[in-house]
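A short write-up of the structure that comes next.
The values are calculated or read from the model by the stated rules, or taken from the named source; none is laboratory data. Treat the numbers as computed from the prediction; the structure is a model and nothing was measured. Neighbour counts are summed over all protein chains in view; Cβ atoms, including those assigned to glycine, are modelled from backbone coordinates with ideal geometry.
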Amino acid sequence: MTSNASDDPYISEYPPDCNVDPDIKALIAHYYKQVDTKGKHVEYSECWSEDGVLIVPNGKEFPIKNVHYGMWDGVPRRLHRPQKIFPFGTNANELVIIGTVEYWPDGGSYKKQDMAAQAKYRRNADTGRVEMESLQVWLSA
């Protein structure tokens, strides 16, 4: 695995022999920063394609618009650490993300969970930007 040595929790390791589009790498780091920052609703939604879908652990699918607002109910602070990322081959637009998420909930105690996600990205034909098409998330109990 290769990474940029850093204390930045959003810098991830990648297999050394797989090429991942630098724009996808940048979007992954940017996305998790927006997820973890209260009030970044617009910035969060801009990481997604217009028809992007988030699939949460209970199997429910949500369109992206307004999802970020609900993420902050009862959780004043969170930190995702996307530690290792495995592409589905060289130059793939589909990846598996392995890491952790930490929560500091209102009226509760600190909680840390392992997380895994399957993400698909695509380049917007109009803007040229890489956007997230779908993200399915799993959390440990």
* Asked: Being of a type in the set (A, V, I, L, M, F, W, C), closer than 14 Å to ALA119 by Cβ and surrounded by 15 or more Cβ atoms within 10 Å (Cβ to Cβ), is that true of even one residue in the stretch 72-82?
  -> no
* Asked: Is it fair to say GLN113 is modelled with pLDDT of 95 or more, closer than 23 Å to TYR14 by Cα and within 12 Å of the chain's Cα centre (by Cα)?
  -> no
* To do: With the condition kept exactly as written, say whether any residue in the stretch 42-58 is touching a Cys at 6+ places or on another chain (Cβ under 8 Å) and either polar (S, T, N, Q) or over 24 Å from THR127 (Cβ atoms) (or both).
  => no
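Conditions (1) of a type outside the set (S, T, N, Q); (2) within 15 Å of the chain's Cα centre (by Cα); (3) surrounded by 16 or more Cβ atoms within 10 Å (Cβ to Cβ); (4) under 23 Å from GLY107 (Cα atoms), marked per residue:
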{"position": "VAL42", "(1), (2), (3), (4)": "yes, no, no, no"}
{"position": "ASN66", "(1), (2), (3), (4)": "no, no, no, no"}
{"position": "GLY70", "(1), (2), (3), (4)": "yes, no, no, yes"}
{"position": "THR90", "(1), (2), (3), (4)": "no, no, no, no"}
* To do: Please specify each residue of the stretch 113-141 satisfying the condition of being surrounded by 12 or more Cβ atoms within 10 Å (Cβ to Cβ) and among the charged types (D, E, K, R).
  => ASP114, LYS120, ARG122, ARG123, ARG129, GLU131, GLU133
* **Residues located in the stretch 106-141, provided they are in a loop (DSSP other than H, G, I, E, B), closer than 28 Å to ASP73 by Cα and of a type in the set (Asp, Glu)** => ASP106
* Structure fact -> Checked pairs for the stretch 23-40, first under 17 Å from TYR103 (Cα atoms) and touching a residue at least 12 places away in the same chain (Cβ under 8 Å), second part of a helix (DSSP H, G or I) and of a type outside the set (A, V, I, L, M, F, W, C), C-beta under 6 Å and 6 or more apart or across chains, list as GLN34/GLU43; GLN34/TYR44
* Asked: Tally time: how many residues in the stretch 86-139 are of a type in the set (Gly, Ala, Ser) and within 18 Å of VAL35 (Cβ to Cβ)?
  -> 5
* Regarding ASN91, is this residue in contact (Cβ under 8 Å) with a residue 40 or more places away in the chain and in a loop (DSSP other than H, G, I, E, B)? -> yes
